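Colleague: Mind having a look at this structure? Questions to follow.
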Amino acid sequence: MNLKDCHNFDDFRKLAKKKLPSPIFHYIDGGSDDEITLKRNTDSFNECDLIPNILTGASDIDLSTTVLGQKIDFPLFLSATAMHRLYNHHGERATARAAEKMGTMFGISTMSTVSIEEIGNLTKGPKLFQLYIHKDRGLTDNLLERCKKAGFTSLCLTVDTVVAGNRERDRRTGFAEGDEKLGTPKHSYHFF
């Protein structure tokens, strides 16, 4: 299976499973605990219907909207996710270029594998930074200042990571630090 053979989400998922090492595939494919919330989110998304306006002009369609005070041409934006270089050697660079090409916003995580400055220099499109508050206030302030200098236009404050999720798939595949009671390996991966 090649990229040109992918026509829907399931095709892309099968290709990713074939190409990526198992721990990395399951990290991006999985969720926490019994993955109930992941299933509910998927089911909710699948219940949404896109209903076209028929017999209306197709020459003047405008998909633009405003998100966080920024006009974007495409009504979806690329939310911040961590460690893109696990999946592709271009990492966040490729994601930022794709967002700019589509005229939409790109979100970068504090856990990015590409620097704030590089993304700022790479794209002039609207950019969002997902901030994890650090115990060291100076580190947090430094991240904010770097984002400001790099032209980031929005901030997403992450408040739900006081305790990391129980990502059982990651423990089973050895991607996350193990727990001796579960019989999983006691090592973790560091990519940045």
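Colleague: Could you list, in sequence order, the residues of the range 110-139 that are farther than 19 Å from residue 151 by Cβ and out of contact with any Ser or Thr (no Cβ under 8 Å at 6 or more places or on another chain)?
Modeller: Of the residues in the range 110-139, the ones farther than 19 Å from residue 151 by Cβ are 111, 113, 132-139.
The answer is 111, 113, 135, 136, 137, 138, 139.
Colleague: Sticking with this one: Please find, among 51, 61, 116, 108, the residue that is more than 14 Å from the chain's Cα centre (by Cα) and closer than 30 Å to residue 141 by Cβ.
Modeller: So the residue among 51, 61, 116, 108 that is more than 14 Å from the chain's Cα centre (by Cα) and closer than 30 Å to residue 141 by Cβ is 116.
Colleague: Sticking with this structure for a sec: With respect to residue 81, determine if the residue is within 24 Å of residue 107 (Cβ to Cβ), at pLDDT below 90 and of a type outside the set (Gly, Ala, Ser).
Modeller: Details: within 24 Å of residue 107 (Cβ to Cβ): yes; at pLDDT below 90: yes; of a type outside the set (Gly, Ala, Ser): yes.
Spelling it out, residue 81 is indeed within 24 Å of residue 107 (Cβ to Cβ), at pLDDT below 90 and of a type outside the set (Gly, Ala, Ser).
Colleague: Taking interchain pairs and intrachain pairs at least six residues apart, which have beta carbon atoms under 6 angstrom, with the first residue in the range 137-151 and in contact (Cβ under 8 Å) with a residue 12 or more places away in the chain and under 15 Å from residue 123 (Cβ atoms) and the second small (Gly, Ala, Ser) and assigned to a helix (DSSP H, G or I)?
Modeller: 150/120; 151/120
Colleague: So which residues in the range 114-131 are small (Gly, Ala, Ser) and closer than 20 Å to residue 73 by Cα?
Modeller: Residues satisfying the conditions are 120, 125.
Colleague: Across the range 56-80, what is the total count of residues that are of a type in the set (Val, Ile, Thr), exposed (fewer than 12 other Cβ atoms within 10 Å of the Cβ) and either assigned to a loop (DSSP other than H, G, I, E, B) or touching a Lys or Arg at 6+ places or on another chain (Cβ under 9 Å) (or both)?
Modeller: 2
Residues are listed down the side, and each one gets a yes or a no for (1) farther than 29 Å from residue 14 by Cβ; (2) in contact (Cβ under 8 Å) with a residue 40 or more places away in the chain; (3) of a type in the set (A, V, I, L, M):
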{"residue": "96", "(1), (2), (3)": "no, no, yes"}
{"residue": "100", "(1), (2), (3)": "no, no, no"}
{"residue": "121", "(1), (2), (3)": "yes, no, no"}
{"residue": "131", "(1), (2), (3)": "yes, no, yes"}
{"residue": "134", "(1), (2), (3)": "yes, no, no"}
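The values are calculated or read from the model by the stated rules, or taken from the named source; none is laboratory data. Just so you know, these numbers come straight off a predicted model, no measurement behind them. Counting neighbours? That spans all protein chains shown, and the Cβs are built from the backbone with ideal geometry, glycine included.
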